[in-house]
Amino acid sequence: MSTEVKNTTCYMCACRCGIRVHVDEKDGRSSIRYIEGNPEHPLNKGVICAKGASGIMKQVSPARLTRPLKRREGAERGAGEFEPISWDEAFSILENRLKKIRATDPKKFALFTGRDQMQALTGLFARQFGTPNYAAHGGFCSVNMAAGMIYTIGGSFWEFGGPDLERAKLFVMLGTAEDHHSNPLKIAISKFKRDGGRFVSINPVRTGYSAIADEWVPIRPGTDGALLLALNSEIITQGLYDREFVARYTNGGQLVITDPASPRHGLLAIDEDSDPGNPLYPQNQLWWDRHSNRPVLSHTPGADPKLFGDYRLADGTRVQPAFQLLAERVRAHTPEWAEEITGVPAATIRRLAHEMGITARDEKIELPIAWTDCWGNEHKTVTGNPVAFHAMRGLAAHSNGFHTVRSLAILMSLLGTIDRPGGFRHKAPFPRAIPPSAKTPTGPEGVQPNTPLAGLALGWPGSPEDLFVDADGQPVRIDKGFSWEYPLSVHGLMHNVITNAWRGDPYRLDTLMIFMANMAWNSSMNTVEVRRMLNDRGPDGEYKIPFLVVCDAFQSEMTAFADLVLPDTTYLERHDVMSMLDRPISEFDGPMDAVRVPVVPPMGECKPFQEVLIELGSRLKFPAFVDAQGARKYRDYPDFIVRHETEPGSGIGFLAGWRGADGSKSLRGEPNPRQWEMYAKNNCVFRHEMPPSYRYMRNWNRGYMEWAQRARLRRWGEPILVHLYSEVLQKFRLAAQGKWPGRRPPEHLAKRVETHFDPLPFYSAPLEVQATDTEKYPLAAITQRPMAMYHSWDSQNAWLRQIHAHNYLFVNPRTAAASGIADGGWMWVESQWGRVRCMGRHSEAVEPGTVWTWNAIGKQPGAWGLAPDANEARKGFLLNHLISDRLPGETSNSDPVTGQAGWYDVRVRITPAEEAGVWPEFATLPAAPGTRKAPRWLAYVAGKEIGG
Ligand code: SF4
């Protein structure tokens with residue numbers, strides 16, 4: 001027997017830590033002995049978490065799907081009854097079906113994926129197929145976090161950027177799950193705290209990171225926008241904003257036309273005699289110069305803009321600096337106003353604003369790094385205002401979340417912390433232009449038979465002309481993305497797909513392919529109804545969603561509904577890339593991407609979904625996958641990754657490291673046939689460190705812009721001013737008001753667009769709260785994923801199940817006492833949409849107006865290879881049954897700007913239950929062919945699995 005140590009990248013959550021897998025080889029068989037963190041990996045530096053170390057038990061899970069499966073003739077969807085088939089048969093079923101769809105109406109095929117890390121490939125596949133109906137999970141996860149930030153500062157948190165805790169003095173975390181950005185952030189926080197930094201967590205629940213914060217500020221869910229407006233208001237009224245930063249690096253000094261009679265009301269005033277430069281990102285806006293007291297071109301050398309005032313241009317047009325409008329907007333949003341809404345005392349809000357402001361102002365950092373800005377000014381140092389923030393789904397997953405996130409981005413900007421030491425820093429390929437230049441087609445003519453889609457399936461609209469709608473303003477996409485209902489739905493709306501396809505609104509699908517998303521359980525709102533829709537037939541006896549393909553590594557609740565199941569590999573059995581074209585693992589100081597390489601062979605007949613896509617793309621003769629003669633171009637996925645270029649000869653591929661014929665080039669270069677080998681030898685990670693002068697102030701850094709254009713990280717080189725005032729939003733508002741020269745929304749949506757496309761942030765209660773009798777349903781109910789499990793991925797993991805095998809609803813003792821809920825007792829939780837019976841736990845770590853639980857621990861009996869009487873099925877529960885995907889009036893429970901699912905907006909009441917047992921109940925799923933019978937217990941010792 002020999003033991004080998006193989007490097008690859010973890011995928012037990014989305015953080016992508018480097019791992020070393022110890023593998024025993026004996027008699028031609030491989031077994032994993034253990035997994036450790038890779039100390040040479042720049043992201044986790046050897047640290048591994050409970051999930052990462054438990055990857056072994058994912059390998060040996062009884063729920064592993066090992067053969068392609070076809071629904072048994074006559075079996076109902078959802079019953080989980082299958083017969084095994086060969087891959088040949090599976091491919092020929094798919095090829096025949098998809099070929100017909102592609103030749104007739106490509107939009108009848110939809111591909112939606114869960115928390116995968118290969119969206120550059122899945123997106124390419126959909127585009128080459130010619131369907132607009134593609135997205136990953138972002139729309140039901142945190143699109144508000146991406147869109148609200150990117151439309152304001154050109155970057156966001158998580159893979160896009162983050163807090164520089166190396167130099168920050170004050171760290172404020174809002175609405176973040178127990179261990180978001182797990183190991184890297186834990187490492188950073190631990191050092192930050194040891195170095196004496198102060199950590200404040202604003203969250204309805206005090207667990208995970210919040211539990212180790214120096215100060216916990218409990219807040220009512222969905223009200224963070226009010227808190228942030230009040231903080232902005234205090235920062236401005238106390239004069240604690242960074243004036244120089246606001247004047248030079250945001251559009252705060254640019255003049256806005258404030259003349260309701262003008263057709264350009266609310267747009268930025270421009271000098272029409274000046275060359276705007278790139279028409280996509282014009283540069284001829286005006287300042288009111290405080291030295292000469294007259295309008296001048298923005299960023300005229302020697303000029304300094306007024307931030308306050310009310311002026312007239314030569315032709316009499318009334319104009320005001322954008323900052324003046326922002327100040328007016330936030331003025332009434334006092335801490336007292338916010339206290340009523342948020343439950344956070346006004347004195348606390350005032351104190352926090354003051355602390356943020358004086359830390360940013362009085363503890364400045366100067367790094368001796370010279371750089372030149374986009375206007376040619378040379379700077380001897382880089383300045384930092386050391387207040388850092390991190391925020392995530394708790395802010396985003398509300399139907400008012402877009403403006404909440406914009407308020408946060410504006411607060412960070414007023415404090416002067418954008419891409420500066422100790423503040424927020426971008427990760428390549430960010431910052432992007434505002435908005436980024438990627439666009440979808442703009443009408444149904446972009447979808448043509450046997451033709452790739454005329455644009456990307458997901459893009460970044462900059463005006464109504466960029467929407468993906470027909471001549472009547474109706475949506476082209478099945479999820480209604482990029483329509484007037486959700487104009488900036490930059491990540492799509494996966495949560496709308498099943499409901500819309502079932503309704504035939506806006507049309508019916510033929511084939512829906514789902515990759516690693518548990519849409520029949522924890523990834524759908526209104527789970528019971530969605531399961532019914534998946535199994536519902538029309539008057540002709542056919543399923544309303546005619547053909548359902550599910551690709552997953554495990555037997556989940558969703559696979560039970562499939563007509564065709566494709567068994568995926570685990571992350572330890574395949575090649576994979578975390579690409580610069582997608583969501584790489586870049587760090588602040590430069591681009592970084594990573595790969596996975598197989599450390600053990602695939603189990604049974606499992607095939608990576610990547611290989612499925614390459615095979616189908618080749619069979620269907622997509623232009624990107626075949627040569628001019630129609631012959632297959634790529635042997636397999638690894639071959640595709642090495643040889644594919646974004647355009648012939650571009651030198652840009654999925655991987656940025658070891659390019660060029662001999663691997664000596666980085667970022668750009670010809671394909672290198674030994675690229676995988678070189679990644680494998682280098683800890684499966686490529687890191688490019690930029691020179692110090694390119695590492696900060698990248699929105700406005702000339703050297704960085706030029707370098708990033710050469711490296712093709714950026715298309716354009718114009719400076720990216722922070723949009724305190726959003727002209728993009730104002731264009732949509734003008735359209736809704738009938739004042740935009742181009743497209744206009746259908747009449748029934750005009751008011752909604754006018755309200756929500758406010759160029760300045762505002763607060764309104766989430767749509768669901770507005771539609772709820774809050775006297776009857778007074779409590780907010782929220783979920784978060786547990787630290788030890790990544791959503792539903794680990795419910796089959798025997799080691800991690802020892803930490804959680806069922807969940808409770810956590811209730812503040814005061815609230816529990818008022819409702820008669822016993823600690824550990826059974827209780828009913830009821831919303832206006834439905835009710836569940838579960839067990840309650842008293843907890844001081846939740847604010848009294850909120851109840852919460854972990855997501856996805858409760859399971860359907862028999863799913864995930866668990867015994868039918870497993871605790872997950874008998875004591876665990878799912879809060880989703882209480883959440884609706886629709887609101888009264890039949891609109892989706894989504895943010896009207898981005899389509900973000902309003903997961904955290906439901907309101908409930910709680911009462912004691914007389915009977916024990918989880919409700920609703922579900923039938924037991926049979927074990928699918930190729931999976932193993934669930935053992936009563938499962939252990940793994942010295943490379944061997946033991947069960948009983
Ligand atoms: S944080 Fe844990 S589970 Fe996530 S990638 Fe890192 S080691 Fe794996």
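Brief remarks on what is shown
- Residue match in segment 144-162 (condition: more than 16 Å from the ligand (Cβ to nearest atom), open to solvent by 10 Å² or more (accessible area, probe 1.4 Å), in a loop (DSSP other than H, G, I, E, B) and not polar (S, T, N, Q)): yes
- Looking only at residues in segment 74-132 that are crowded, with 20+ Cβ neighbours inside 10 Å and of a type in the set (Val, Ile, Thr), the one that is nearest to Pro861 (Cα to Cα) is Thr113.
- The requirement of being among the aliphatic types (A, V, I, L, M), open to solvent by less than 10 Å² (accessible area, probe 1.4 Å), under 30 Å from Pro896 (Cβ atoms) and at pLDDT 95 or above is not satisfied by Ile189.
- Total residues in segment 858-875 satisfying the condition of being in a loop (DSSP other than H, G, I, E, B) and either more than 29 Å from the chain's Cα centre (by Cα) or at pLDDT below 95 (or both): the figure is 8.
- The condition (being closer than 30 Å to Trp700 by Cα and either among the charged types (D, E, K, R) or without any contact (Cβ under 8 Å) to a residue 12 or more places away in the chain (or both)) is satisfied by just one residue among Asp466, Asp510, Asp505: Asp466.
- For first residues located in segment 353-368 and under 24 Å from Ala230 (Cα atoms), partners that are in a strand (DSSP E or B) and open to solvent by 40 Å² or more (accessible area, probe 1.4 Å) and lie 6+ apart or on another chain with Cβ distances below 9 Å form the pairs Glu355/Arg198; Thr359/Arg198.
- Every residue from segment 6-26 that is more than 8 Å from the ligand (Cβ to nearest atom), more than 17 Å from Glu945 (Cα to Cα) and of a type in the set (D, E, K, R): Lys6, Arg20
So that you can scan it fast, the table gives a plain yes or no per residue for (1) open to solvent by 30 Å² or more (accessible area, probe 1.4 Å); (2) under 30 Å from Cys606 (Cβ atoms); (3) assigned to a strand (DSSP E or B):
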| position | (1), (2), (3) |
| --- | --- |
| Glu844 | yes, no, no |
| Asn880 | no, yes, no |
| Thr898 | no, no, no |
| Pro926 | yes, yes, no |
| Pro929 | yes, yes, no |
| Arg932 | yes, yes, no |
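Yes/no per residue for (1) over 25 Å from Arg425 (Cβ atoms); (2) out of contact with any Leu (no Cβ under 9 Å at 6 or more places or on another chain):
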position: Glu677; (1), (2): yes, yes
position: Ala680; (1), (2): yes, yes
position: Asn683; (1), (2): no, yes
position: Phe686; (1), (2): no, no
position: Pro691; (1), (2): no, yes
position: Ala711; (1), (2): no, no
position: Trp716; (1), (2): no, no
position: Glu727; (1), (2): yes, no
position: Arg743; (1), (2): yes, no
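- Helices (runs of 4 or more DSSP H) within segment 592-695 that include 3 or more residues within 27 Å of Pro68 (Cβ to Cβ): 609-619, 637-643
- Among (1) closer than 24 Å to Ile150 by Cβ; (2) more than 32 Å from the chain's Cα centre (by Cα); (3) in a helix (DSSP H, G or I) - the single one Trp375 does not satisfy: (3)
- Subset tally (residues that are touching a residue at least 60 places away in the same chain (Cβ under 8 Å), open to solvent by 10 Å² or more (accessible area, probe 1.4 Å) and not polar (S, T, N, Q)) for segment 620-648: 4
- Yes/no for Thr3 being part of a loop (DSSP other than H, G, I, E, B) and more than 11 Å from the ligand (Cβ to nearest atom): no
- Annotation note: of His333, His299, the sole residue that is in a loop (DSSP other than H, G, I, E, B) and within 30 Å of Trp216 (Cα to Cα) is His333.
- If you go through segment 399-440 and keep only what is more than 29 Å from Ile358 (Cβ to Cβ), touching a Lys or Arg at 6+ places or on another chain (Cβ under 9 Å) and of a type in the set (D, E, K, R), you end up with just Arg432.
- Tally of residues being outside any loop (DSSP other than H, G, I, E, B), within 11 Å of the ligand (Cβ to nearest atom) and buried (at least 21 other Cβ atoms within 10 Å of the Cβ) across segment 42-73: 4
- Glu36 falls short on exactly one of the conditions (1) touching a residue at least 40 places away in the same chain (Cβ under 8 Å); (2) more than 17 Å from Val550 (Cα to Cα); (3) of a type outside the set (A, V, I, L, M, F, W, C), and that condition is (1).
- Taken together, Ser884, Ser892 contain a single residue that is open to solvent by less than 20 Å² (accessible area, probe 1.4 Å) and out of contact with any Lys or Arg (no Cβ under 9 Å at 6 or more places or on another chain), which is Ser884.
The values are calculated or read from the model by the stated rules, or taken from the named source; none is laboratory data. In this text, all values refer to a predicted model and were calculated from it rather than measured experimentally. When we count neighbours, we look across all protein chains shown, and the Cβ atoms used for this are built from the backbone with ideal geometry, even at glycine. Just so you know, the surface numbers come from the protein's heavy atoms only, side chains and all, with ligands and any DNA or RNA stripped out. Shrake-Rupley method; radii C 1.70, N 1.55, O 1.52, S 1.80 Å.
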